[in-house]
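The values are calculated or read from the model by the stated rules, or taken from the named source; none is laboratory data. Source: prediction; values computed, not measured. Don't worry about glycine lacking a Cβ; one is built from the backbone with ideal geometry, like all the others, and counts go over all protein chains shown.
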Amino acid sequence: MTIGPTIAGGLKLVPEADQDWLILLEIANDGDSDLSRRFASLMDEDSMWEEIVVPELEQEFTKQRLDVMMVVVKAKGGNEEAIHIDKEGAETWYGALNQARLALESKHKFGPRELNSPKEIKDPEARSAYFRNDFYSTIQSLLLRYVMVD
Amino acid sequence: MKAVEAPARKSETQTREKTDKPWQVVVLDDPVNLMEYVSRVLIKIFGFSKEKAEGLMRAVHQQGRAIVWSGGREKGEMYVNQLHSAQLHATLEKAE
């Protein structure tokens, strides 16, 4: 896959193999629906976070994952050459990628990037998740650098 | 009859000081959120300067947590809600 900034201030993802499309579809699949509850666990009971805030956040996070999934499915189905992320869609993509990374971290406990190496990860599922996490992080960095600039 | 001395009362100010201790919005470190993103969110939500946001972001990263705001509970909850919406780990604590 080739990823790069566009003159219009966006980011262009060019999948070159089926595997590339699969990993883009995995962004939405890797995110889980427990994120808002994990945030709620940081609050005390008096805050009524579970009752008031969790449903709203769940809705917001689900929308991010679905929007990204729809863009990828539509582009793949339409045999489009590339996916363009413009300024307007950047927050949604960043959020969906972040959800995926938070869920992978919660499941596999990779820890800080600088303190771990994929060579030490023996479990194939965790190893695959590590590389997806790394890939998602790279797209996030590019979004911050080229698209989400004020 | 001997006059009974009224018990000493805490002044209103002392009482209010005790019950009105501010709440603190605390951002917690996590291994996922990119440092540049954390600064960006702090600027967007609290209107901090770039320098202040980066200083707080470094404190979160190095010390595992940083108090980013103090004040009333309701407003603090609003800020934590915004931080959670941005997918940062944050909580609200009563000041010591």
For segment B:67-96: of the residues being of a type in the set (D, E, K, R) and in a helix (DSSP H, G or I), which is farthest from A:Glu58 (Cα to Cα)? B:Arg73
Just give me the residues in segment A:89-132 being among the aliphatic types (A, V, I, L, M) and closer than 26 Å to A:Glu60 by Cα, in sequence order. A:Ala90, A:Ala96, A:Leu97, A:Ala100, A:Leu102, A:Ala103, A:Leu104, A:Ala129
Within segment B:66-96, the count of residues that are on the phi > 0 side of the Ramachandran plot and within 11 Å of chain A (Cβ to nearest Cβ) comes to 1
Six or more apart or on different chains, Cβ atoms under 8 Å: show the pairs whose first residue is in segment A:14-25 and farther than 17 Å from A:Val68 by Cβ and whose second is surrounded by fewer than 13 Cβ atoms within 10 Å (Cβ to Cβ). A:Glu16/A:Thr2
Got a number for residues in segment B:23-39 being outside any helix (DSSP H, G or I) and within 10 Å of another protein chain (Cβ to nearest Cβ)? 8
Quick check on A:Glu105: is it touching a helix residue (DSSP H, G or I) at 6+ places or on another chain (Cβ under 8 Å), farther than 24 Å from A:Asp20 by Cβ and surrounded by 14 or more Cβ atoms within 10 Å (Cβ to Cβ)? no
Selected residue [loosely packed, with under 13 Cβ neighbours inside 10 Å, under 28 Å from A:Tyr136 (Cα atoms) and modelled with pLDDT of 95 or more] from B:Gln87, B:Gln63, B:Gln82: B:Gln63
